[in-house]
Amino acid sequence: MSTRRESIDYPASDGKPMAETDVHVMEIAAALETLRLFFEDRADVYVAANNFIYYEEGDKTARFSPDVYVVHGVKKKLRRTFNIWAEKHAPSIVFEASSRSTWLEDIGNKKALCQRLAVKEYILFDPERDYLKPALQGFRLMNGQYIPIEPDAKDCLVSETIDLKIMLTPEGRLRFIDPKTGTILPRLRELKLEADAAKAEAHKARTETRREARGRREAELLAKREADARRHAEQAAQREADARRDAELATQREADARKAAEAEIERLKNELKKLKP
């Protein structure tokens, strides 16, 4: 019997396309990525969306597909399907983005199934705020039955399974809050915008640093040219001073030579006078 069951193929798809509005796809994807980032360092937490969960071994029809869910105590890895009997764990928490075509199923059969499977927390939210009243609802398993999770003063639901607060913004955006810091967990797009801003700021800083370095180099070159010009001017002034000194010395030598010549002429004249009878 066990061998027969192990040979059963549990399909990853029922062949039907998923029909969701843009806002539902966006919110499901955002919740998935936010929770994956939050549990990124946990090797024993699996976060997934819209794949089949099979809950009865041997029965390919015993399945459901949550919009987003988190499982604690299992290996973080890629899966085609999630088989509860093989993993030995049911989801810890399930999120359903209710819409016009799904809200009755979400609040009815799917909720009842998650209760039967002992999913600890079941969260419903209506991104369009048209079908669920209130638009954010949570249920926690107590003694085998779901009881409503009472919102706090800010209409947030406190999840005990993922240690986060859950809120729905007036625009219908599902956000997660770290209760220890009070900070809203960033979405992937927000992280990209932050990274782009940081990259732009770093580029600006590098450009400013290069500009300052170029300015310093230009100032150093200018200072060097000015120093060279001063040195050349001083050398030219020294050469001119040396030339004036040499000219003065030459003039002095010429004057001394004239005086010596004149003295010699005078001496010779005197000698000639002495020789006359």
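Residues checked against (1) out of contact with any Ser or Thr (no Cβ under 8 Å at 6 or more places or on another chain); (2) over 18 Å from SER98 (Cα atoms); (3) at pLDDT 95 or above:
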site	(1), (2), (3)
GLU128	no, no, no
GLY138	no, no, yes
MET142	yes, yes, yes
GLU150	yes, yes, yes
LYS154	yes, yes, no
LEU157	yes, no, yes
ASP163	yes, yes, yes
ILE177	no, yes, yes
LYS180	yes, yes, no
Notebook entry, point to check: Is there a residue in the range 82-100 that is touching a Ser or Thr at 6+ places or on another chain (Cβ under 8 Å), farther than 20 Å from ARG187 by Cβ and at pLDDT 95 or above?
Noted result: yes
Of the residues in the range 115-133 that are of a type in the set (A, V, I, L, M, F, W, C) and touching an Asp or Glu at 6+ places or on another chain (Cβ under 9 Å), the one that is surrounded by the fewest Cβ atoms within 10 Å (Cβ to Cβ) is LEU132
Subset of the range 108-155, residues of a type in the set (Asp, Glu) and touching a residue at least 24 places away in the same chain (Cβ under 8 Å), comes to GLU121, ASP126, GLU128, ASP130
Of the listed residues (ASP196, ASP178), the one being touching a residue at least 12 places away in the same chain (Cβ under 8 Å) and surrounded by fewer than 20 Cβ atoms within 10 Å (Cβ to Cβ) is ASP178
Exactly one of GLU87, GLU96, GLU56 is charged (D, E, K, R), free of Cβ contacts under 8 Å to residues at least 40 places away in the same chain and within 22 Å of HIS24 (Cα to Cα), and that one is GLU96
Exactly one of GLU212, GLU190 is among the charged types (D, E, K, R), within 30 Å of GLN137 (Cα to Cα) and either without any contact (Cβ under 8 Å) to a residue 60 or more places away in the chain or not assigned by TED's automatic domain parsing to the domain that holds VAL94 (or both), and that residue is GLU190
Residues of the range 73-105 being of a type in the set (Gly, Ala, Ser) and buried (at least 17 other Cβ atoms within 10 Å of the Cβ), in sequence order, are ALA90, SER92, ALA97, SER98, SER99
Q: State whether the residues of the range 207-218 include one that is small (Gly, Ala, Ser) and at pLDDT below 90.
A: yes
The condition of being under 28 Å from the mean Cα position of the chain (by Cα) and part of a helix (DSSP H, G or I) holds, among LEU193, LEU249, LEU222, only for LEU193
Taking the range 70-98 and the residues there that are part of a loop (DSSP other than H, G, I, E, B) and more than 33 Å from the chain's Cα centre (by Cα), the one that is nearest to MET142 (Cα to Cα) would be ALA90
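Table: residues versus (1) out of contact with any helix residue (DSSP H, G or I) (no Cβ under 9 Å at 6 or more places or on another chain); (2) surrounded by 11 or more Cβ atoms within 10 Å (Cβ to Cβ); (3) at pLDDT 80 or above.
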position	(1), (2), (3)
GLU20	no, yes, no
MET26	yes, yes, yes
GLU33	no, yes, yes
ARG42	yes, yes, yes
ILE53	no, yes, yes
ASP59	yes, yes, yes
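The values are calculated or read from the model by the stated rules, or taken from the named source; none is laboratory data. Bear in mind that the values here come from a model prediction, so they are computed numbers and not experimental data. Counting neighbours? That spans all protein chains shown, and the Cβs are built from the backbone with ideal geometry, glycine included.
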